[in-house]
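Read the structure below first, then the notes.
The values are calculated or read from the model by the stated rules, or taken from the named source; none is laboratory data. Remember, predicted model here, so these are calculated numbers, not experimental data. No Cβ is skipped: glycine too gets one built from the backbone with ideal geometry, and neighbour counts run over all protein chains shown. SASA here: full protein model, heavy atoms, side chains in, ligands and nucleic acids out. Shrake-Rupley method; radii C 1.70, N 1.55, O 1.52, S 1.80 Å.
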Amino acid sequence: MDTVSLREKIAAFQAAYIRCIDRNELENWPDFFLPQCQYTVTTADNHRAGLAAGLIWASNRAMLQDRISALRHANIYERHSYRHIVGLPFIVDSQAQTASSETPFMVARIMHDGETSLYCTGIYHDVYNTSANTLRLKSRIVVCDSSRIDTLMAIPL
């Protein structure tokens, strides 16, 4: 696959991914990942230092499904939503069945009372399985620019 068409496929994937979250269709969110996958949210400092643990850490799709189930049925948090703005993906590497990309993002958080604030900026470090018609994430490391993360990180980034 040439770089341009791969970038277009990844950009379309990113659009569908953020649409899912921003429309609160979170039960569909784990479907963007392979059954065996990695999803981590961490800070830029921790990422540079090579620290594996993150603010959110999941090593398979079942853990992502559990997170959404807990979010819907067990966790207590102030109702809010996100609005993602993503940049163009940069293709870092492309092999026969995998591709790696980096995509910058900004997330605004909208509280139930209408207050809107810039919640998070950062970059997605992604590894995709490209062997099928539909891309799936093997790994998404969400690297937040700031080390100050609001404790209200209920919804995935």
Extreme residue, least open to solvent (accessible area, probe 1.4 Å), among residues of the stretch 94-108 that are under 17 Å from residue 8 (Cβ atoms) and either touching a Ser or Thr at 6+ places or on another chain (Cβ under 8 Å) or acidic (Asp, Glu) (or both): 99
Restricting attention to the stretch 21-35, does a residue exist that is under 14 Å from the mean Cα position of the chain (by Cα), charged (D, E, K, R), part of a helix (DSSP H, G or I) and within 23 Å of residue 145 (Cα to Cα)? yes
Taking the conditions exactly as written (in contact with a helix residue (DSSP H, G or I) (Cβ under 9 Å, 6 or more places away or on another chain), farther than 17 Å from residue 138 by Cα, touching a residue at least 40 places away in the same chain (Cβ under 8 Å) and buried (at least 17 other Cβ atoms within 10 Å of the Cβ)), does residue 47 satisfy them or not? no
Give me the residue from the stretch 130-143 that is hydrophobic (A, V, I, L, M, F, W, C) and over 18 Å from residue 29 (Cβ atoms) and, out of that set, least open to solvent (accessible area, probe 1.4 Å). 143
For residues that are open to solvent by less than 10 Å² (accessible area, probe 1.4 Å) and either under 15 Å from residue 123 (Cα atoms) or free of Cβ contacts under 8 Å to residues at least 24 places away in the same chain (or both), tally how many sit in the stretch 1-39. 5
Within the stretch 73-88, the residues that are at pLDDT 90 or above and charged (D, E, K, R) are 83
Collect the residues in the stretch 109-129 that are at pLDDT 95 or above, open to solvent by less than 60 Å² (accessible area, probe 1.4 Å) and over 14 Å from the mean Cα position of the chain (by Cα), keeping them in residue-number order. 129
Could you list, in sequence order, all residues of the stretch 52-63 that are touching a Leu at 6+ places or on another chain (Cβ under 8 Å) and not in a strand (DSSP E or B)? 61
